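Single-structure report; data block below.
The values are calculated or read from the model by the stated rules, or taken from the named source; none is laboratory data. These figures come from a predicted structure and were not determined experimentally. Glycine also receives a Cβ, built like all others from the backbone with ideal geometry; neighbour counts cover every protein chain displayed.
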Amino acid sequence: MTLVFNILAKFNISSEQLEEITPASLFLFAIWLVGLTIMLKWVVDTHFGKTALPQIHRRRNRMSFYTPLIPFAVWLLSGLAFAYMIASYESSLSDYHQELLKLFLSLVISILILILCVFIIRRNFVRGFKGIGFRTGSILKDFAMGLARIIVLFPLISLTLLVTVAVGQYITGNPEWTIDRHQGLEMLEKYPQLSMKIILIVLSVVIAPVLEEILFRGLFQTMMRNFVSNPWFAIFATSILFAMAHDNPLHWPTIFVLSAGLGYAYEKSNSLWQSVFMHTLFNAVSVIGTLYLAQ
């Protein structure tokens, strides 16, 4: 998540650095302004979101409250099991091969959880994949709307990150304090090997967005909608869980904001494609930005 902060820092526009203004920084700033303008208009038009989700229908399903906990528990337990297995081989592997093995096992775990989620969807949702929000007839529209919504969300994400950093600097008394980057982004910078880059990109840009949107938005958020009438409660509760599922607590505020935007897009459109595309675009920008800043 600190990648956004790194990009903003790189493109910081100050009176001492006017000569460093680039087309890329101007483009980023223009996107930020457009997103902020639309976000402010949305806040005014919907009375801070109160009227943003009127008469949103629940997705028809047969899930119990514990159904999403099954793949979530398998995800956590398998991760712990593989971590223990890797630890037993650490002394015989180089740092690079240790990280590569971790990534490969993460890929295997993610695919297995995806298969389990497919089984749950087919068994519990009326109309199966269409019922959870995977409809093929609107993919292009969902991509366009996902792109527009992540642009609108970008200013709020970046402001949340900057506030988190400012609070951290105030508490520590260190003006140089910042948030550690996501481990995957650090690995992308640290290891130049093609095999590492391929697995990281596949995991972060393809597998993770699909798996996490199915698990958190498709299953958890839908399950909560079975029991509460207010969709915002389900969105925020899911976002808290989604944020806490990430290792670094310093990332949680920014992840919560991102997740709330993803949850809103899902409820507003009733299409899981939109939140998947938003998640994919966010991660893709993070990866591309890391590769750019590493140059």
Could you tell me which of the residues Lys102, Lys50 is farther than 19 Å from Phe242 by Cα and in a helix (DSSP H, G or I)?
Lys102
Would you confirm whether or not segment 69-82 contains a residue that is in contact (Cβ under 8 Å) with a residue 60 or more places away in the chain, closer than 17 Å to Met223 by Cβ and assigned to a loop (DSSP other than H, G, I, E, B)?
no
Take the conditions touching a residue at least 24 places away in the same chain (Cβ under 8 Å) and either of a type in the set (D, E, K, R) or crowded, with 17+ Cβ neighbours inside 10 Å (or both) and apply them to Gly168. Does it pass?
no
Which numbered condition Val210 misses (of (1) under 19 Å from the mean Cα position of the chain (by Cα); (2) closer than 16 Å to Ser286 by Cα; (3) touching a residue at least 60 places away in the same chain (Cβ under 8 Å)):
(2)
Go through Leu105, Leu93, Leu114 for me and flag whichever is modelled with pLDDT under 95, hydrophobic (A, V, I, L, M, F, W, C) and under 18 Å from Val202 (Cβ atoms).
Leu105
Taking segment 122-133 as the region of interest, how many residues are surrounded by fewer than 19 Cβ atoms within 10 Å (Cβ to Cβ) and either closer than 28 Å to Tyr84 by Cα or within 22 Å of the chain's Cα centre (by Cα) (or both)?
1
Which of the residues spanning segment 88-102 are loosely packed, with under 11 Cβ neighbours inside 10 Å and either over 21 Å from Lys190 (Cα atoms) or among the polar types (S, T, N, Q) (or both)?
Ser88, Ser91, Ser92, Ser94
With the condition kept exactly as written, say whether any residue in segment 272-295 is assigned to a helix (DSSP H, G or I), polar (S, T, N, Q) and over 20 Å from Cys117 (Cβ atoms).
yes
Give the residues of segment 236-255 that are assigned to a helix (DSSP H, G or I) and without any contact (Cβ under 8 Å) to a residue 60 or more places away in the chain, sorted by residue number.
Phe236, Ala237, Thr238, Ser239, Ile240, Leu241, Phe242, Ala243, Met244, Pro249, Trp252
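Every residue, every condition in (1) touching a Gly at 6+ places or on another chain (Cβ under 6 Å); (2) surrounded by 14 or more Cβ atoms within 10 Å (Cβ to Cβ); (3) in a helix (DSSP H, G or I), yes or no:
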| residue | (1), (2), (3) |
| --- | --- |
| Thr160 | no, yes, yes |
| Val163 | no, no, yes |
| Pro175 | no, no, no |
| Glu189 | no, no, yes |
Please verify whether segment 19-37 includes one or more residues that are modelled with pLDDT under 95, surrounded by fewer than 16 Cβ atoms within 10 Å (Cβ to Cβ), β-branched (Val, Ile, Thr) and over 25 Å from the mean Cα position of the chain (by Cα).
yes
Does Phe242 count as at pLDDT 95 or above, among the aromatic types (Phe, Trp, Tyr), surrounded by 18 or more Cβ atoms within 10 Å (Cβ to Cβ) and farther than 13 Å from Ile150 by Cα?
yes
Tabulated pairs, segment 135-147, first farther than 9 Å from Met278 by Cα and free of Cβ contacts under 8 Å to residues at least 12 places away in the same chain, second among the charged types (D, E, K, R) and part of a helix (DSSP H, G or I), C-beta under 9 angstrom, 6+ apart or interchain
Thr136/Lys130
Is segment 200-218 home to any residue that is out of contact with any strand residue (DSSP E or B) (no Cβ under 9 Å at 6 or more places or on another chain), within 25 Å of Trp32 (Cβ to Cβ) and among the polar types (S, T, N, Q)?
yes
